[in-house]
Amino acid sequence: MSSVAAPTQAEFHEAIAKRSDTWYSACLRITRDFDLAEDAVQDALLNAWHKRNQYERSARLDTWIHRIAVNAALQLLRKRRPDAWDALDTDIQDHTETPDTARADQELNTSLTAALQELSEKERVCFVLKHLEQWRLKEIAEELDTSISSTKQALFRAVKKLRVSMASLRSVG
């Protein structure tokens with residue numbers, strides 16, 4: 001327990017206002033289900049609020065909640081497996097500035113979504129946590145209750161498959 005005062009309700013509201021879309025996007029990438037992603041964020045916020053006395057001020061509040069949200073998404077997948085790997089029906093909200101950038105981002109998102117479907121569950125989760133959520137290998141291995149070597153192998157296979165699946169994007173430009 002930290003001796004520093006727990007975050008206030010106002011601090012939570014500020015973090016939610018600034019970062020809830022980011023938490024939702026992260027959970028959506030992991031669960032690939034709009035409702036599960038929403039549930040994960042709600043679970044994370046409730047969990048964070050109830051455990052606010054465990055928050056240490058040396059970390060940013062939004063980063064602390066982000067980690068809780070990702071863990072909530074993983075937990076929901078564990079409960080729901082194997083139906084958790086349905087494809088996204090629509091694109092994630094796009095915040096680009098130009099039509100060309102928007103088109104390129106949409107093509108990348110569509111291609112990545114399709115390519116991620118070709119990965120095994122472990123490969124996809126490892127890839128998302130490592131490359132999109134910036135987790136360390138040790139953290140991924142601990143969260144998935146596997147070895148670092150197994151995590152590295154899953155990441156290697158995922159990257160190899162994604163390179164093949166998304167090779168057409170390299171020639172564009």
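So here's what we get for this one:
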{"quantity": "Selection from the range 17-66 of residues that are without any contact (Cβ under 8 Å) to a residue 60 or more places away in the chain, surrounded by fewer than 17 Cβ atoms within 10 Å (Cβ to Cβ) and within 13 Å of the chain's Cα centre (by Cα)", "calculated": "20, 22, 34, 38, 63"}
{"quantity": "Within the range 112-173, helices (runs of 4 or more DSSP H) holding 3 or more residues that are under 22 Å from residue 24 (Cβ atoms)", "calculated": "121-127, 137-143"}
{"quantity": "Search result, residues across the range 2-54 that are more than 26 Å from residue 130 (Cβ to Cβ) and among the hydrophobic types (A, V, I, L, M, F, W, C)", "calculated": "4, 5, 6, 10, 12, 16, 17, 46, 49"}
{"quantity": "Some residue of the range 59-66 being part of a helix (DSSP H, G or I), among the polar types (S, T, N, Q), closer than 19 Å to residue 142 by Cβ and modelled with pLDDT under 90", "calculated": "yes"}
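The values are calculated or read from the model by the stated rules, or taken from the named source; none is laboratory data. Given the structure is predicted, the values throughout are model-derived calculations rather than measurements. Using ideal geometry, Cβ is built from the backbone for each residue, glycine included, and neighbour counts are taken over all protein chains shown.
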